[in-house]
Each structure stands twice: as structure tokens, then as C-alpha cells.
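K.L.:
Input: one structure, supplied below.
The values are calculated or read from the model by the stated rules, or taken from the named source; none is laboratory data. All figures in this text were calculated on a predicted structure; none of them were measured in a lab. In this analysis, Cβ positions are derived from the backbone assuming ideal geometry, glycine residues included, and neighbour counts consider all displayed protein chains. Accessible surface is based on the protein model in full, side chains and every heavy atom, while ligands, DNA and RNA are left aside. Shrake-Rupley method; radii C 1.70, N 1.55, O 1.52, S 1.80 Å.
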Amino acid sequence: MSQQFDVVVIGGGPGGYVAAIRAAQLGFNTACVDAFKNPEGKPSLGGTCLNVGCIPSKALLQSSENFHAVQHDFAKHGITVSGAKMDVAAMLERKTGIISKNAAGISFLFKKNKVANIHGLAALKGRQGDKWLIEVTDNGAVVDTLEATNVIIATGSSPRQLPGLATDNHMVLDNEGALALTAVPKRLGVIGAGVIGLEMGSVWKRLGAEVTILEAAPTFLAAADQQIAKEAFKTLTKDTGLDIKLGVKIGEIKATKKHVTVNYELNGEAVAAEFDKLIVSIGRVPNTAGLGAEAVGLQLDERGFVAVDDHCHTNLPGIWAIGDVVRGPMLAHKASEEGVAVAERIAGQKPHVDFGVIPWVIYTSPEIAWVGKTEEQLKAEGIEYKKGTSGFAANGRALGLGQAQGTVKILADAKTDRILGLHMIGPMVSELVTEGVVSMEFKAASEDLARIVHAHPSLSEVVHEAALAADKRALHG
């Protein structure tokens, strides 16, 4: 006998679990099917983000930054520490504890909102009347059959593999393996200078590894505003010590039990680099295998993403898709907001998610964050703009923190003064970027930010000063 639901969500990541909770809040009988298992073989909600992505990487970044501060920064505060050592096992245990606490929190929220929590792989099997039939398997055996009026696909993404190179998470690592190294490698290679490559490279560099990052693109952080990207490149290479090589053409890679040799070409010169471990972070691909898309006629695009309209509706009635498995940026917060929006659309509401004001963050030290158009995009689109910049170098709060590096840049329409973009590198800009998100969502002008009283001393004063600078009336620059 099949279990009957109004809404079944396939995937328990930041898009799926939020969609399930919101659907339940709106009065729908809701289930969430998720297949993730932790290293102990137990179900663990939260998807890639919580289990092997966003959350554990931030835990390790904080640990590595603390270790670096003990060695290099505490003396400036009059604190003398000698013989500091890094216990990698304890660091990983802390990371695991954070994951477990958050996963348990999602389970509690499911119980609180009466969401049925079903473990296993879900596949669409067909349609019976106005209901979709879903089969749930675990280890190849059918464990449940479900019927749902609406299905929300939130199956996420997986690391893109290099052709001909097997990821064993022992010598050749993806994001999961990079988060679980039990010792600091002497020589760490990273292919890809994106978010994962930079964050994981930063972690292990601060813990003592020699880190070389090989990037195929000739431009560093091409998606970011290039003024900020150039400052980030200088800081990450000079201060953090990452060896970042751009315009690399990767050749043959050979992995043995002791090391990995990467053959590549740079500026016409052939290089053979030997590493103790290699992280491959060259992007991600949507998880649609085993979903039953072909069997039910669910349309996928040429890249394998589930094809959806502006409202996340697929070509099939009652089937929706959100997050990494559809078009748009692969960001946890984008997935969550899409999940909320779809649940509300099923309820007949008319929510809206504006892709133009979704923030991007890279949690290196210093952090990098932005929202809206870059200066390069505005030039390419022929939009007349003005800009204001300000730095953290003279900011009292940043100086007190010992993190007085970085820049804030505001771009505004030359005629209307409406804010078009906010770009920054510096301390805690992952938090400061929200000032730009809110401003842009409410169609604010740079003058609006300039007229708002900002607390003193605070890091947000740099945003205020950049807004003043956009009108050529900066007070401290």
C-alpha cells in the first residue's frame, strides 16, 4: 500500500529540507526523501552543504585561521604562545560534531512540522490519475512506495570528474576527501581556483602544506569584479602564500600509493609537478541519474539539468525542481529560497526570487563577497555608472581586529543613482554584503546608504564611506 502525500520532496539538502518545512507549514501533508549517509552509514539530512560542503569547510577554515593567528598574530596583542601544535584529529572531530548537531536540528524541525522523513533513493515511476508514483530504494531494495500530487526535485549536484582520473578520496580528492584529510600533506595540489579550491587550499596552507593551485582560466575569479579579484589574487598569493597558476593546460595525471604527478603546460612550458595529495575542484554536475526522468518524460537540458521555467516548474504537471539541479548559481541560499517559493506557489501564492540580488561569498581570509553587476558587466552592457570605493586600512574596528585589509566598492547608475552592485574583500564581508542585498532589493540609491547612520566603530562604516565616495564626498578618503 502506497503512502499518500500532497507534496514529496526528493532531496534533503538546503533546498529540499526548507521546501518540505515550508510546504508543511502551509498545511500540506509532506514527505522528504533523502539518501545521504554519513561515514558511520547513518542517514544524515542537510545534503552536500551540511555534510561535505559549506558547513564543514567553514569549521575547518576557522580552525586553520585560529592556528595561524596563534603562530603569527597573537604576539601583536601581547600574547606569547610557544610550541603550538595542530591536532588534526581533534579538528576533524569538532567539524563532525557541528555537522551532527545541525543534522539533528533538521530532523527535529521535520518532527516539529510533521514532515515525514524517509531515507532512500527516490525514483519517479509514472502517473496514476493526478498522483505521481515514487519508488524508494535503499541498497538496491525497495523500501517504500509513495504517491504525491506535487513533487519537488531537489537532488543537488556532485563534483565534476576529470576524464580518465578516478577520485578515490585517498590520493585524488573531491570536496569530501579534502574535508577529511587526517594529516597535513607536505605538498598539496589543487586543480581549480574556484570557491572550493581556494577555501580548501587556504585551510591546508595555514596548517603547513605547500599548496599549488592550477587554474585553466587566464583570469582569476572571472565572475567577480576584477578590481576586487586582482586584490584577492595579490592577498592570497602574497599573504596566504598560495601558489596560484593561471592559464594552465592540464595533461596526464598519474596517481600512485605515495604521490600524484600532474603534467601540465604553462606559457608554452611543460611542467611535471609531484604532490602528496591532489584536490580536484573543477565544478559540479546536476544529480539526475536514477531519478526516472526518461521513464516519465521529464525534460533535461543539454547539460543534464532539469529544465524549468521562471517559476521552477518542469514540463510535467505537478513536478517542480530547485537548487543545483536546475539553472542558475549553485548556491545553498539560492536553493533554499527557491524551495520556499515553490512551496508557496503550490499553495497558490505568488512569491518571487530575484537572481539579480543573490549574494556570492568566498570564505577565504580575507573574505570575498559581492552582489549585483560587476564593473566589467556594466561596461559590456553599455550602462553608464558611477562608483565609490573605500578601504579597511583606516577603519578603527578592522585595525582593532588586526584585519585591516581590503576594499569595498559600490556601483550605481549614473543617472538614477540606483545601486547596481556591491563588491568587497575584507573582514566579515560575508555579513556586510547583505547591506547591499537589502538595498538593491528595495531599489535604494547610493545616497540612501550614504544617509544612513552606521555604528562606530564598525566594519560597516567602510560600506558607508564607499557610498559617500560614489557621490565624491568621502569623509575619510
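K.L.:
If you go through region 247-277, how many residues are more than 27 Å from the chain's Cα centre (by Cα) and in a loop (DSSP other than H, G, I, E, B)?
P.N.:
Of the residues in that region, 6 qualify.
K.L.:
Identify all residues within region 160-178 that are farther than 16 Å from K257 by Cβ and buried (at least 21 other Cβ atoms within 10 Å of the Cβ); write none if there are none.
P.N.:
Within region 160-178, D174, N175, A178 qualify.
K.L.:
Also: Hey, any hits in region 198-210 for a residue that's farther than 21 Å from G53 by Cβ, surrounded by fewer than 21 Cβ atoms within 10 Å (Cβ to Cβ) and modelled with pLDDT of 95 or more?
P.N.:
Among the residues of region 198-210, at least one is farther than 21 Å from G53 by Cβ, surrounded by fewer than 21 Cβ atoms within 10 Å (Cβ to Cβ) and modelled with pLDDT of 95 or more, which makes the answer yes.
K.L.:
Additional query: Quick check: anything in region 98-121 open to solvent by 70 Å² or more (accessible area, probe 1.4 Å) and within 26 Å of G208 (Cβ to Cβ)?
P.N.:
No, because not a single residue in region 98-121 is open to solvent by 70 Å² or more (accessible area, probe 1.4 Å) and within 26 Å of G208 (Cβ to Cβ).
K.L.:
Moving to a separate point now. Show me the strands (runs of 3 or more DSSP E) found entirely inside region 121-204 where at least 1 residues are farther than 29 Å from L246 by Cα and in contact with a helix residue (DSSP H, G or I) (Cβ under 9 Å, 6 or more places away or on another chain).
P.N.:
121-128, 131-138, 141-153
K.L.:
Can you pull out the residues in region 253-293 that are under 30 Å from T155 (Cα atoms) and not hydrophobic (A, V, I, L, M, F, W, C)?
P.N.:
Answer for region 253-293, where residues must be under 30 Å from T155 (Cα atoms) and not hydrophobic (A, V, I, L, M, F, W, C): K277, S281, G283, R284, P286, N287, T288, G290, G292.
K.L.:
Here's a check for you: in region 214-229, which residue that is within 21 Å of the chain's Cα centre (by Cα) and not hydrophobic (A, V, I, L, M, F, W, C) is least open to solvent (accessible area, probe 1.4 Å)?
P.N.:
D225
K.L.:
Quick one: in region 41-77, which of the residues that are polar (S, T, N, Q) and open to solvent by 60 Å² or more (accessible area, probe 1.4 Å) is nearest to K95 (Cα to Cα)?
P.N.:
So, considering only residues that are polar (S, T, N, Q) and open to solvent by 60 Å² or more (accessible area, probe 1.4 Å), the one nearest to K95 (Cα to Cα) is Q62.
K.L.:
How about region 428-460: which of its residues are touching a residue at least 40 places away in the same chain (Cβ under 8 Å) and either touching a Ser or Thr at 6+ places or on another chain (Cβ under 8 Å) or more than 15 Å from G396 (Cβ to Cβ) (or both)?
P.N.:
Listed by number, the residues that qualify are V429, S430, L432, V433, T434, G436, V437, M440, E441, S446.
K.L.:
Another question about this same structure. Go through region 1-50 and report how many residues are assigned to a helix (DSSP H, G or I) and of a type in the set (D, E, K, R).
P.N.:
Of the residues in region 1-50, 1 are assigned to a helix (DSSP H, G or I) and of a type in the set (D, E, K, R).
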